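Report on the structure given below.
Each value in this text was obtained by applying a stated rule to the coordinates, not by laboratory testing. It should be emphasised that the depicted structure is a prediction, and the values quoted were computed from it without experimental measurement. Cβ sites come from the backbone with ideal geometry, for glycine too, and all protein chains shown count toward neighbours.
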Amino acid sequence: MAKRNKLEIIKDILKIIQNNHSIKPTPLLRRSNVSSSRFKEYYLELLEKEFIKETSGKNKQITLTKKGYRYLEKYSAIINFIDEFEL
Amino acid sequence: MVSMTGRAVGQGLGQGLGKLMSSSIGIEIIYSFVIILCSLMIYFGTRELYKLSSHKGIKYFRQSFLFFALAYFFRSFIKIILFYFDAGEIRALLPIFGNITLFIFMYFSSMAIFYLIYSVMWKKWKSKSIVYLFHLMAFAIAIIIILFRNQFVYLLINLLLFVFIAFIFYKSHRQSKKKKSHHLYIIYLLLFVFWIFNIIDILIPNYLQTFQLFIYLISLGIFLSILYKVIRRIG
């Protein structure tokens, strides 16, 4: 299996959240298939870019924001564009 | 007296406008407008892809076309001034203003070319200081153009620039495994060749006069084909 690039890993993480509607951080880490240190890096980046949001309270849940959904919609366009221009 | 002066100003403006709209400057304005529009459409059309992905390749690609738009703006500005005052060289007409405009044009032109190369090569050139090196090289090229008022120097600089670009692209193309990248490299190489013709056209007026329309048509074709590729991919 080819090594996933950053854009693909982000897409996979967002896809897991989308499929579950909302998910806790630990199962998300398990299903995303990346090391915990890498996951933390991506998780913080996704929060910072406002692709995901955490619900406050005791049971922290993660959900997608509009930007997160938009990323998933545009993912194939991004990949095709990068591929087309060899970026 | 007042009405006489008003009529004279009106006549002058009318003559100026008529001169401006004559065929050669008309072609020049349309040509620049289409290229600037294409470049800005590429720049703004890819904004969302960059904002979502933060991909460096997309960033450098967009910046390249922003520089192309700015360079073409200054190029057409120089051309219109030269045409309006019926002059051969902008520096002979307006020494300080001409030198500044030419400097900005050369700097933006070089940066557009360097950023387009970097958009393809950034994964191989890991060093962050390369961008600063590009700015330095563009600055040096612009300074040389200002200091040396020699056609041989202009041609030599553009030839060296082309050899540098061709060498990088040839190396990159040989390393690329994708078949379709062949078309992209041809488009980019043509873009560089005709962009250099556009630069020579400004630096050495009348040097490429015979082929001007041909250069304009090919340049338009190249920019439109890149825009088409972009639109096809971004949807």
Practice problem: Let me have the relative contact order for segment B:158-235, percent, based on Cα pairs under 8 Å that are six or more residues apart. | Solution: 28
Quiz item: Arranged by the count of other C-beta atoms within 10 angstrom, fewest first, what order do B:HIS182, B:HIS135 take?
Solution: B:HIS182, B:HIS135
Exercise. Using only the alpha carbons, work out the radius of gyration and Dmax of the protein assembly as shown in angstrom.
Key: 25.1, 89
Exercise. Measure nothing fancy, just the Cα-based angle from helix B:56-84's long axis to the longest principal axis of chain B, in degrees from 0 to 90, nearest 10.
Key: 20
Quiz item: Using the scaling law 2.2 N^0.38 Å as the reference, what is the normalised Cα Rg of chain B?
Solution: 1.13
Self-check item: Spatially near lysine pairs across segment B:29-165, Cα under 15 Å, sequence gap of 8 or more or different chains
Solution: 7
Quiz item: For segment A:32-49, in order, what is each residue's ³J(HN,Hα) by Karplus, 6.51 cos²θ - 1.76 cosθ + 1.60 with θ = phi - 60°, in whole Hz (x at glycine and Pro)?
Solution: 6, 6, 10, 5, 5, 5, 5, 4, 4, 4, 5, 4, 5, 5, 5, 5, 4, 7
Self-check item: Point-charge dipole on Cβ atoms (K/R +1, D/E -1) for chain A, about Cα centre, debye to 20
Solution: 520
Self-check item: Hull-based mean projected area of segment A:6-84, where the convex hull spans the alpha carbons, in square nanometres
Solution: 5.2
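Given segment B:136-235, report the % of alpha carbon pairs whose separation exceeds 22 Å.
Summing the P(r) tail past 22 Å for segment B:136-235 gives 43 percent.
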